[in-house]
1. Starting from the range 115-158, pick out the chymotrypsin sites (Phe, Trp or Tyr not before Pro) whose DSSP state is loop and whose Cβ has at most 15 other Cβ atoms within 10 Å.
2. Using a cut-off of under 11 Å, list every residue of the range 74-92 whose amide N is near the label point 7 Å from the Cα of Tyr23 along the Cα-to-beta-carbon line.
3. Just for the Cα atoms in the range 94-201, what are the lengths along the principal axes, largest first, rounded to whole Å?
4. Just to be sure I understand the model, the point goes 7 Å from the Cα along the line to the Cβ. What's the resulting Val80 to Phe150 distance in nm?
5. Considering every Cα-Cα pair within the range 91-131, what fraction, in whole percent, is farther apart than 13 Å?
6. What's the local net charge at Pro142, with K and R +1, D and E -1, over the other residues with C-beta under 11 Å away?
Amino acid sequence: SVLMVLDGRRYGPIAAAVAKELYQAGRIPPLLVVGVVSENATDEFTPDYPYPRPVALEQVQGPQLRRFLQDEAKDWVGAVYPTTPFSILAGHGDAGLLALANLFKDYRSFGAYLIGAPTVHRLADWNQAYRQFLVDNLHADPFLYLSIGFGDQPNMAATWQLARLYNSHSVERPLEYHFEPLQEETNASLMQRTLHRGLDLLFADLRLTTMY
């Protein structure tokens with residue numbers, strides 16, 4: 001399996017350490033961690049980064065990054081490393097919004113999403129974008145682990161609302177959804193816990209004897 005981590009310069013080493021710890025404890029299978037590093041976020045991540053005002057879903061993730069995530073990176077990993085085709089996308093903050101946009105627009109491109117404190121307020125009409133995702137994908141069943149830290153930050157209000165909406169729909173539809181408010185963490189510091197909890201839950205049904 002492959003874990004692709006957005007904002008890889010910051011979170012790639014953290015993700016690698018978490019994956020190693022969980023693997024050595026027999027909690028997850030071997031995992032290849034790929035940190036996605038952008039030298040020019042304005043051009044590569046999104047046309048409007050860092051979003052001076054709320055933008056439409058189509059503007060959140062630039063075509064260059066989308067092509068890289070869904071085609072180029074996977075092809076390169078498959079050619080260089082012997083892995084299973086299962087892939088996971090992780091992101092935090094603005095990068096978490098990028099991961100969420102990928103889920104809404106093409107959820108099948110990744111088997112699971114681990115997202116910490118996404119800046120949903122930067123997405124114009126996020127409610128409509130979410131509901132359109134549900135309408136367009138009646139049988140969507142992607143794994144999503146979503147976390148939010150403690151505090152009453154006004155910018156996180158939309159993220160809380162999305163979390164509650166997703167939870168209500170996961171009761172009636174096959175949405176493999178896990179949401180956790182991490183009371184011991186701030187939104188700025190929760191990514192390590194997000195990766196640890198998300199990976200542990202994702203592979204919870206596996207037994208050590210099936211990992212090799």
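Each value in this text was obtained by applying a stated rule to the coordinates, not by laboratory testing. Quantities reported herein were computed from a predicted structural model and do not represent experimental measurements. All Cβ positions, even for glycine, are placed from backbone atoms using ideal geometry, and neighbour counts span all protein chains on display.
1. Those satisfying the criteria are Phe150.
2. Output list for this probe position: empty.
3. Largest first, the range 94-201 extends 35, 31, 24 Å along its Cα principal axes.
4. 4.1
5. Tail fraction, whole percent: 49.
6. Every neighbour counted, the sum reads -2.
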